[in-house]
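Down below is the structure, laid out as structure tokens.
Please treat every number below as a calculation from the coordinates, not as lab data. Bear in mind that the values here come from a model prediction, so they are computed numbers and not experimental data.
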Amino acid sequence: MFKQIANWKGLRIYAWHIGDEHIHLHICIPPKYSIAYIIQILKGKTSGWIKKKTKKFPKGVLWARGYFVSTVGITEIAVKKYIENQQHHQIELSQLKLC
């Protein structure tokens, strides 16, 4: 779904990770779009898709109201590594819960 939206709006996805309760995205948004607009599209389209596929949230809210945005420059490599390592981090946390 994210790739379809990226193609539709001309976004570049550098890294992404879907966690249990949130998503990390490292994307490039064309200047013609506001960040708020892209977040609205991402939340709206993915919400509808997830609700159709899972039937878990027929009338409920899937996404929280807010979001966190940060720009990257010099730290771009660090951000990409952080997102890519989220899967390993979540595995470590889930293993701690088993103890």
Roughly speaking, what is the stretch gain from residue 45 to residue 4, that is 0.36 nm per residue apart minus the C-alpha to C-alpha distance, in nm to one decimal? 13.8 nm
Step through the residues of the range 9-21 one at a time and calculate ³J(HN,Hα) from phi using the Karplus curve (6.51 cos²θ - 1.76 cosθ + 1.60, θ = phi - 60°), rounding each to whole Hz and writing x for Gly and Pro. 9, x, 7, 10, 9, 8, 7, 7, 8, 9, x, 5, 10
Residue 18 to residue 52: extension gain in nm, 0.36 nm per residue of separation minus the Cα-Cα distance? 10.4 nm
Report, by chain and number, residues whose modeled amide H sits under 5 Å from the one on residue 14, excluding near sequence neighbours (fewer than 5 apart, same chain). 26, 27, 28
Just want to confirm a number: the relative contact order over the range 1-72, from Cα pairs under 8 angstrom separated by 6+ residues, in percent. 22 percent
List every residue whose amide H lies under 5 Å from the amide H of residue 33, counting only residues 5 or more places away in sequence or on a different chain, with H placed 1.01 Å from N in the peptide plane. none
Difference of contour (0.36 nm per residue) and Cα-Cα distance, residue 85 to residue 70: 3.6 nm
